[in-house]
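Below is one structure; the comments refer to it alone.
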Amino acid sequence: MSENIENIYWKLFKSMFVISMSTFGGGFVIITLMQKKFCDELGWIEKEEILDLTALAQSAPGSLAVNASILFGYQLKGIKGSLVAMLATILPPLLIISTISIFYSLFSQNQIVRIALKVMRSGVAAVILDAALTLMKGVIKSKDMFNIMVMVFAFIFSYFIQVDAIMLICLGLLLAFAIEIIKYRNTRIKHGII
Amino acid sequence: MELFKLFLCFFEIGLFSFGGGYAAVPLIQAMVVERYHWLSVSEFINLITIAEMTPGPIVINAATFVGMKIDGFTEAIFTTLGSVMPSFIIVLILSWLYKKYKGLSIVKSILKRIRPLVVAMILSAGFSILVMALFKANDYRIINIDDIQVIELIIFIISLGLLRKYKVNPIMIIFGSGLIGTLSYLLFAMI
């Protein structure tokens, strides 16, 4: 039993470490990679929960990657889990930057490194869009017109109007809350309470 | 004393860096360059270049870099831990609340309505990176279709195909696209 639990911590650490090492191109890559690893491969968490965690991670200060790892670790194994996941997320950048800062000029002036990093972005874009397509299909298949509209408008706001992520989540929360209140009132009216 | 000051400075940066990513850059600059003079402006530009070239959140990259610059690895550990401490405390509270209340029906239905929004944000992030990769432009408004990078376009299409159809491991795709892309660039440069 205890060996089993240790295995989970070790597996969590190892997976998060590798994922963090691969997050070139911003926070959303880590969400995609976590979803692949922890939902699709290990089945430790539901797809919907990853989306909830993303929204929560966006609404706290700090980076999306670190926040998402803390949230995920906690859902899995409480405070200990969140510590393990967070350490595994911050260790790769800590080790890489402290090494590179010593060999800085050698690294940043290297033409091959520059090319590799630029060209890598196209792979990163594919990884994020692949996850986005799968999630989008889920929303469309639900045939919930309201959710589809929210998705379309949120995309326009986020991509074309470039509304800030926190702002967008706050707006979404307000809207969702308003709908819940209206629904609640309607049921009360229907039952003749008001 | 110095260690404590470093820790506090990055604690402050971590606490006020909402939005993540490059939104935090001006704040880091104000603290590290202008207030404490730990880095010169040109060193700060180096830091941003390195941060762009390495995996990991920019705030952590900055924390580690400043720590190493000031003295060494011990300082780097303190600055890095300082930068994530506010997140850890606040996010832990959020985690606890989420775990406790996610079963409530009102919370459930609100969360359900937020999910399509998060899907849209992921989609939007993907498009931004795609535009950057294919056109070397930061904004869709300034792209010119003639500037399209052919190698990047081919790699993107193949990567997406492999992911959709064969469910290839995304980490393999990220590093594989870097490797194959670089080789193709070198090959074309030789021809």
Search result, residues across the range A:58-99 that are more than 7 Å from chain B (Cβ to nearest Cβ), within 13 Å of the chain's Cα centre (by Cα) and among the hydrophobic types (A, V, I, L, M, F, W, C): A:ALA68, A:PHE72
Checklist (1) among the small types (Gly, Ala, Ser); (2) crowded, with 16+ Cβ neighbours inside 10 Å; (3) out of contact with any Asp or Glu (no Cβ under 7 Å at 6 or more places or on another chain) applied to B:GLY67, failing item: (3)
Count of the range B:15-70 residues which are assigned to a helix (DSSP H, G or I) and either acidic (Asp, Glu) or more than 13 Å from A:SER98 (Cα to Cα) (or both): 29
Any hit, the range A:180-194, residues being assigned to a loop (DSSP other than H, G, I, E, B), in contact with a helix residue (DSSP H, G or I) (Cβ under 6 Å, 6 or more places away or on another chain) and farther than 30 Å from B:ALA23 by Cβ: yes
Pairs with Cβ under 8 Å, 6+ apart, first in the range A:173-186 and free of Cβ contacts under 8 Å to residues at least 24 places away in the same chain, second small (Gly, Ala, Ser) and assigned to a helix (DSSP H, G or I): A:ALA176/B:SER109; A:GLU180/B:SER109
Filter result for A:ILE166 (within 19 Å of A:ALA55 (Cα to Cα), touching a residue at least 60 places away in the same chain (Cβ under 8 Å) and in a helix (DSSP H, G or I)): yes
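Per-residue answers, yes or no, for (1) touching a residue at least 24 places away in the same chain (Cβ under 8 Å); (2) assigned to a loop (DSSP other than H, G, I, E, B); (3) more than 9 Å from chain A (Cβ to nearest Cβ); (4) over 23 Å from the mean Cα position of the chain (by Cα):
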| site | (1), (2), (3), (4) |
| --- | --- |
| B:LEU130 | yes, no, no, no |
| B:ILE151 | yes, no, no, yes |
| B:ILE158 | no, no, no, yes |
| B:LEU163 | no, no, no, no |
| B:PHE175 | no, no, no, no |
Single unsatisfied condition, A:ALA116 versus (1) surrounded by fewer than 17 Cβ atoms within 10 Å (Cβ to Cβ); (2) within 7 Å of chain B (Cβ to nearest Cβ); (3) of a type in the set (A, V, I, L, M); (4) over 24 Å from the mean Cα position of the chain (by Cα): (1)
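Coordinate-derived values only; no laboratory data. Predicted model only: the values in this text are computed from it and were never measured. Note that we place each Cβ from the backbone using ideal geometry, even for glycine, and neighbour counts take in every protein chain shown.
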